[in-house]
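To start, the structure under review is shown below, and the notes come after it.
Values quoted throughout were computed directly from the atomic coordinates according to the rules given, and no laboratory measurement underlies them. Model, not experiment: these values are computed from the prediction. We place every Cβ from the backbone using ideal geometry, glycine too, and count neighbours over all the protein chains shown.
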Amino acid sequence: MVQCDLGGDCCPRDPVTDKRMKMDGWINLLICFTPVCICTRRGYARVNYPSLRLFVMTTNYRRVSDTCKRHRRDSSTMEESNCITNQKTVVAVVGGGLVGSLNACFFAKRGFHVEVFESRGDIRCAKKVKGRSINLALSHRGRQALKHVGIEEKIVSKGIPMHARMIHSLSGKQTPIPYGKKGQYILSIDRANLNKELLTVAEAYPNTKLNFDHKLQDWSPETGQMTFIRADGAKDQIEADLIVGCDGAFSAVRKQFLRRSRFNYSQTYIPDGYMELTMPPVNGEFAMEPNYLHIWPRNAFMMISLPNLDKTFTCTLFMPFENFEKITTGDEVIEFFQEYFPDATPLIGVDALKRDFFCLPAQAMVSVKCSPYHIGDKCVLMGDAAHAVVPFYGQGMNAGFEDCIVFDEIMNEFSEDLGAVLPEYSRVRVPDDQAIADLAMYNYIEMRAHVNSKWFLFRKHVDNFLHMLMPNTIVPLYTMVTFTRTRYHKAVEHWQWQNKVINQVLMLTAVGATVAGSCLLIKRRTDVIKMGLSAEEMWNRILALKTF
Ligand SMILES: Cc1cc2nc3c(=O)[nH]c(=O)nc-3n(C[C@H](O)[C@H](O)[C@H](O)COP(=O)(O)OP(=O)(O)OC[C@H]3O[C@@H](n4cnc5c(N)ncnc54)[C@H](O)[C@@H]3O)c2cc1C
């Protein structure tokens with residue numbers, strides 16, 4: 001990319017030098033000077049089957065003209081924009097969910113022509129947003145990705161910090177278990193709002209276009225041609241140089257991968273489902289302490305609760321489907337809640353529980369693993385499309401956001417040579433995503449059962465204490481996963497190593513204490529014999545020792 005000495009407002013700026021950039025070729029130069037004749041063309045050049053190539057040409061022209069048009073319109077905001085234009089490559093991001101909309105920003109920042117295709121309508125105009133969990137936990141990896149595109153602070157300011165898990169026992173006793181060191185916390189974020197913000201940020205790049213009501217039906221790995229179905233049933237044929245599949249756990253992009261040899265794929269539904277319920281504010285205030293992720297662990301199932309900005313809590317009940325199915329009437333709902341969540345029942349409200357429990361059926365949770373994540377230099381999968389994980393580590397979105405950073409880092413390393421970048425991305429990222437998928441499965445057991453165990457709590461204290469003494473050697477797993485960018489699979493390896501060491505040290509300590517105790521007793525026994533104590537006197541002395 002070369003510097004633009006034309007000085008026209010329509011030329012975007014280089015993010016590093018902040019100088020205007022020259023557009024490639026005479027045609028673009030012309031477009032740059034004559035935006036009106038190009039820009040007055042109606043929208044998108046959509047063509048049917050025979051003339052697909054024309055689309056790419058027109059897309060490239062249109063992108064530049066759109067760049068000019070939007071740049072003139074928003075010249076003030078453009079001064080701050082980091083956008084550059086790499087006019088050669090058209091990147092189609094399929095899926096405008098959390099990862100897709102963030103990814104669009106990463107590609108737009110590099111100057112590619114980015115087209116986002118989302119099957120839903122624009123959620124920013126929708127009254128109600130259909131989708132998965134109402135809120136989710138944002139942590140370090142996700143924040144780092146948001147920072148890359150300059151919206152970390154904006155999102156964080158709308159989140160609620162959660163410093164610890166708050167464990168609710170059956171008796172209603174509440175015990176906090178901090179997530180990390182003082183000052184470390186995860187954030188409860190409104191999913192719909194985050195998605196809306198990301199779409200708005202993506203759309204602000206002049207080289208990005210959002211296409212709603214475009215559902216991918218099929219695509220060709222050979223040509224990069226995609227077929228979309230629009231809301232009115234019409235079909236669109238669109239071609240791109242790179243297709244980025246961010247279309248979630250049931251990815252349509254991934255279907256093409258399944259038709260190819262040497263593509264590994266597994267999908268596991270866990271036997272549990274989830275249901276969301278709302279805990280309203282009490283007298284305009286949160287019904288419980290807001291800066292915690294509340295957990296009601298009941299061994300075979302659990303309920304968790306995250307705070308929202310409107311002072312409600314979203315409670316999510318995770319339970320085997322067969323248990324959900326056993327509850328068929330309002331009275332049974334109340335009976336169940338009063339038995340297992342007695343302190344939460346009045347806070348959610350008996351009437352609300354009876355009503356809301358039957359509003360929507362429990363939702364399924366799936367874990368998807370696959371490899372590789374790419375096909376040639378044509379297509380790459382990211383986010384849930386590549387690795388849907390169960391939600392118990394609060395890492396699905398965070399991992400998906402980190403995918404974008406990792407891809408970006410590899411783009412730098414290989415100078416945007418997609419033929420080299422895509423295989424490297426698969427090589428680097430697959431082991432990490434598979435590690436977090438396994439950890440997420442493991443964490444369900446930790447959350448619903450282990451937190452009830454004294455040994456687990458003792459080990460947490462030991463780990464935290466050792467972490468304080470040796471912060472670089474002993475790092476709790478949760479800290480590595482949630483508060484660092486340690487590669488997930490490295491975190492697991494380190495955790496297994498330190499578990500072995502700590503368990504051995506604890507065992508040696510226990511053996512040492514037993515041996516020392518026995519020696520003491522034997523020594524005392526000799527004293528006893530020497531002193532000629534009666535059995536009764538000796539027993540009294542042992543009792544005295546125990547009390548001591
Ligand atoms: C109950 C629950 C709680 C969770 N809590 C957390 C948490 O606390 N922290 C965390 O990090 N993660 C959490 N997750 C995981 C997180 O929701 C996902 O990892 C994240 O949404 C993945 O984002 P994505 O963009 O890859 O996929 P999605 O969010 O599924 O977005 C995919 C998008 O693609 C669109 N699409 C689908 N098919 C097509 C098509 N054919 N054509 C065009 N567009 C298409 C969809 O409409 C959607 O907008 C949770 C998940 C669940 C279920």
Mean Cβ count within 10 Å, highest first, over the residues of peptides 377-383, 191-197, 230-236:
377-383, 191-197, 230-236
About its Cα centre, region 263-367 carries a charge dipole, from +1 on Lys and Arg Cβ atoms and -1 on Asp and Glu Cβ atoms, whose size in debye to the nearest 20 is 200 debye
Please state, to two decimals, what the Cα-based radius of gyration of region 286-371 comes to when divided by 2.2 N^0.38 Å (N = residues).
1.18
Going by how many other Cβ atoms sit within 10 Å of their own, how do MET507, MET288 line up, fewest first?
MET507, MET288
Based on Cα positions only, what radius of gyration and what Dmax would you give for region 448-502, in angstroms?
11.3, 30
Residues of region 316-344 with amide N under 11 Å of the 7 Å Cα→Cβ point at VAL350
331, 334-335
Options HIS461, HIS489, VAL451, ranked by Cα towards positive dipole end of region 448-502, top entry (Cβ charges)
VAL451
Nearest-20 debye value, region 342-390 charge dipole, Cβ charges on Lys, Arg, Asp, Glu:
160 debye
So for each of 490-496, 514-520, 321-327 I average, over its residues, the number of other beta carbons within 10 Å; can you give me the resulting order with the highest mean first?
490-496, 321-327, 514-520
Here, trypsin sites (Lys or Arg not before Pro) of region 88-118 satisfying both criteria (DSSP loop; at most 13 other Cβ within 10 Å) are LYS88
Hey, fewest Cβ within 10 Å first, where do TRP296, TRP497 land in order?
TRP497, TRP296
Could you state the orientation-averaged shadow area of the convex hull built on the Cα atoms of region 151-226, in nm² to one decimal?
10.0 nm²
Rounded Å value of the spacing that divides the Cα centres of region 257-283 and region 163-187:
25 Å
Rounding to the nearest 20 debye, state how big the charge dipole of region 416-529 is about its Cα centre with +1 on each Lys and Arg Cβ and -1 on each Asp and Glu Cβ.
780 debye
Pairs LYS215/LYS326; LYS196/LYS378; LYS128/LYS158; LYS154/LYS460: which are spaced more than 26 Å apart, C-alpha to C-alpha?
LYS215/LYS326; LYS196/LYS378; LYS154/LYS460
